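Okay, so here's the structure we're looking at.
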Amino acid sequence: MNDAVLATPDVLVDHLFRNRAGQMVAYLTRLLGPEHIDLAEEVVQEALLKALQNWPYSGIPQNPAGWLFRVARNAALDAIRHRTLAGEKNVEFAAERIRDVEAAVGDGTHIEDQLRDDELRMVLMCCHPALPRDARVALSLKTVGGFSTREIARAFLSDEPTIAQRLVRAKRQIRESAIAFELPLGDDLALRLDSALEVIYLMFNEGYAAQSGEGLVRQDLCGEALRLGRLLAKSSVGTPQAHALVALIAFQAARLPARVDSAGELVLLEDQDRTLWDQKLVALGFHHFSQCAEGAHMSAYHVQAAIAAVYAGAQQSTHIDWPAILSLYDRLMEISPSPVVALNRAVAIAKVEGPQAALAALRPLAEDRSLRNYHLLPAVQGRLLLNLGDHEAAADCFRQALERPCSEPEKRFLQRKLRTCM
Amino acid sequence: MPSYMLLLYNDPANWQNMSPEDIQKAIQKFMAWGGKLRTSGIHLASHKLADDAGKVIRGRSQVRVTDGPYSETKEVLGGYYLIKAANYNEAVERSRDCPALEYGGSVEVRQVDPMSEAN
């Protein structure tokens, strides 16, 4: 094979298999019908394994994605032939559709457009409101993201059988409710988009949440959320909300490299070394942020993106426009009030009006049941009390925070704070 | 310099649960390993064998063709590399970091008889 790449192992772009697996499953699901997602997944896995069996000897083909598509497509045709022979009805027409489609992957932009469209439909199908919320996230990661059940379980600190069962149920639901692979219209589309943005938001938050143990797969989760968000925002059904969400994700992801220092210790936003921020992601954030301003509707994503933009836009942490952030949090409390938003708002109050005012704003939150196990409430209270010089009360707060579940770096951070109170 | 045949065996069951990401990483390891053989100029040939069991042909007066050989282990012969090496030691050293081992497979090293290469 002359056109194979033989000596360079790095020719495969990062996550090529994962991303292409998602595309191929989406592409084949369109041709085979949503009731055959399993078949689509099987033949795609078969194609990837064929690559593993062949490429070490023959070299990586000039167009790896095209190779994978061709093999997956042929495997699908084979599988259909077997099922037809076994007496299964309604699969032969799928073979016709596959044969009709030119396998001209990589021979122009046309097929890439089609693939993006397939991915988009797949995301919107996985985010059908009839499916349970946690199943939507898992299914999106599995079918569009190309994550394995094990990887999803690891990312969600869950176990494999739980996730596997969730996926089986979701697929059954798709079959039983005959959820179509078509782009929904009108109100249905709006609902589906809202759900998709929520799924992407959850995906990102899960990945962004303090890195514990499986840091890498969580980082991949953030990457996938960003990829899907951009796919959605740039598509024909992209909305200002989608741009706002992508901006928010990009700004926050940009800060990831600065969030932990070389010793693995947590660094608070205001103490972060801004030169470590990923400038490409910051630029991407501003790019999408400028596009989210179109339209009259101001969503919670808009406000959160605006807050992140204020942080990202400040030259130094001492130059953060705290009054602007506070008014944005006021706005967020109107649009999407929650105890966590109130807690974050209190941090802004502390910067604008001082720690006393912030502590007063936090007082009602102590009664909130949903924050009973949330370590950040006493952690913030502790820092405010420390600023006021009340070391004893601050120490109590840090001890309280340490009793609640949190990640290892956070635990060490709180212990350091507790020691400064002594 | 003599030639050696590296026969790569694997157990396909070990691959069933690999994620797309895992598969890509495995391929990259194999490419790095094979790449080293190629860049050091000792690589002569390499081929993957077809997934079927192959055929065995026996019989003196009446030739019989059967499927097989089926090995007694679950391992299958996936493919081979033909390389140049000074001696068995070197050929074995070259195989020691073959990713097939990491994925539960094995490598069989056989020297091509120099007498057969003489002509």
Checklist outcome for this item: Within segment B:77-94, the residues that are within 13 Å of another protein chain (Cβ to nearest Cβ) and of a type in the set (G, A, S) are B:G78, B:G79
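Test B:A53 against the stated conditions and say whether it is in a loop (DSSP other than H, G, I, E, B), away from every other protein chain (no Cβ under 14 Å) and either touching a strand residue (DSSP E or B) at 6+ places or on another chain (Cβ under 9 Å) or β-branched (V, I, T) (or both).
Values: in a loop (DSSP other than H, G, I, E, B): yes; away from every other protein chain (no Cβ under 14 Å): yes; either touching a strand residue (DSSP E or B) at 6+ places or on another chain (Cβ under 9 Å) or β-branched (V, I, T) (or both): yes.
It is true that B:A53 is in a loop (DSSP other than H, G, I, E, B), away from every other protein chain (no Cβ under 14 Å) and either touching a strand residue (DSSP E or B) at 6+ places or on another chain (Cβ under 9 Å) or β-branched (V, I, T) (or both).
Based on this model, can you work out whether A:A250 counts as in a helix (DSSP H, G or I) and surrounded by 23 or more Cβ atoms within 10 Å (Cβ to Cβ)? Steps first, answer last, please.
On the way: in a helix (DSSP H, G or I): yes; surrounded by 23 or more Cβ atoms within 10 Å (Cβ to Cβ): yes.
Yes: the conditions hold for A:A250.
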Checklist outcome for this item: Over segment A:159-192, the set of residues in contact (Cβ under 8 Å) with a residue 24 or more places away in the chain and part of a helix (DSSP H, G or I) is A:I163, A:R166, A:L167, A:R169, A:A170, A:K171, A:Q173, A:I174, A:R175, A:L189, A:L191, A:R192
Checklist outcome for this item: When (1) touching a Phe, Trp or Tyr at 6+ places or on another chain (Cβ under 9 Å); (2) closer than 25 Å to A:E265 by Cβ are applied to A:F413, the one that fails is (1)
Checklist entry - Any residue in segment A:75-91 that is under 23 Å from A:R18 (Cβ atoms), within 14 Å of chain B (Cβ to nearest Cβ) and out of contact with any strand residue (DSSP E or B) (no Cβ under 8 Å at 6 or more places or on another chain)? => result yes
Next on the checklist: Cβ contacts < 7 Å: first residue in a loop (DSSP other than H, G, I, E, B), restricted to segment B:75-95; second residue polar (S, T, N, Q) and surrounded by 14 or more Cβ atoms within 10 Å (Cβ to Cβ), any location; separation 6+ or different chain. Result?
Outcome noted: B:E75/B:N10; B:E75/B:S106
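Could you tell me which residue of segment B:30-47 is surrounded by the fewest Cβ atoms within 10 Å (Cβ to Cβ), considering only residues that are within 7 Å of chain A (Cβ to nearest Cβ) and over 20 Å from B:Y9 (Cα atoms)?
Going residue by residue through segment B:30-47, those that are within 7 Å of chain A (Cβ to nearest Cβ) are B:30-32, B:34-35, B:38-39, B:46-47.
Imposing the further condition that a residue be over 20 Å from B:Y9 (Cα atoms) reduces the set to B:38-39.
Working: B:R38: 16, B:T39: 12.
So, considering only residues that are within 7 Å of chain A (Cβ to nearest Cβ) and over 20 Å from B:Y9 (Cα atoms), the one surrounded by the fewest Cβ atoms within 10 Å (Cβ to Cβ) is B:T39.
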Checklist entry - Residues B:E117, B:E102: which one is touching a residue at least 40 places away in the same chain (Cβ under 8 Å) and within 14 Å of chain A (Cβ to nearest Cβ)? => result B:E102
Next on the checklist: Looking at segment B:10-24, can you tell me whether even one residue there is facing chain A (nearest Cβ under 7 Å), modelled with pLDDT of 90 or more, over 17 Å from the mean Cα position of the chain (by Cα) and surrounded by fewer than 19 Cβ atoms within 10 Å (Cβ to Cβ)?
Outcome noted: no
Checklist outcome for this item: From the option list B:Q16, B:Q24, single residue qualifying as over 17 Å from B:G104 (Cβ atoms) and free of Cβ contacts under 8 Å to residues at least 24 places away in the same chain is B:Q24
Checklist entry - List the pairs whose first member sits in segment A:227-249 and is more than 17 Å from A:A296 (Cα to Cα), whose second member is charged (D, E, K, R) and in a helix (DSSP H, G or I), and whose Cβ atoms are under 8 Å apart, counting only residues at least 6 apart or on separate chains? => result A:L231/A:R116; A:L231/A:E119; A:S235/A:R116; A:S235/A:D117; A:V246/A:R230
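Does B:K74 meet the test of being more than 13 Å from every other protein chain (Cβ to nearest Cβ) and closer than 29 Å to A:A164 by Cβ? Let's see the steps before the verdict.
Numbers: more than 13 Å from every other protein chain (Cβ to nearest Cβ): yes; closer than 29 Å to A:A164 by Cβ: yes.
Yes; evaluated as a whole, the condition is true for this residue.
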Checklist entry - Can you tell me which residues in segment A:76-96 are surrounded by fewer than 20 Cβ atoms within 10 Å (Cβ to Cβ) and assigned to a helix (DSSP H, G or I)? => result A:L77, A:D78, A:R81, A:H82, A:R83, A:T84, A:L85, A:E92, A:F93, A:A95, A:E96
Next on the checklist: Among the residues in segment A:48-57, are any more than 14 Å from chain B (Cβ to nearest Cβ), out of contact with any helix residue (DSSP H, G or I) (no Cβ under 8 Å at 6 or more places or on another chain) and either farther than 30 Å from B:H43 by Cα or in a helix (DSSP H, G or I) (or both)?
Outcome noted: no
Next on the checklist: Among the numbered criteria (1) in a loop (DSSP other than H, G, I, E, B); (2) crowded, with 16+ Cβ neighbours inside 10 Å; (3) touching a Ser or Thr at 6+ places or on another chain (Cβ under 8 Å), which one does A:V237 miss?
Outcome noted: (3)
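The values are calculated or read from the model by the stated rules, or taken from the named source; none is laboratory data. Predicted model, so just to flag it, every value in this text is computed and none were measured. Reconstructed Cβ throughout: ideal geometry from the backbone, glycine too, with neighbour counts over all protein chains shown.
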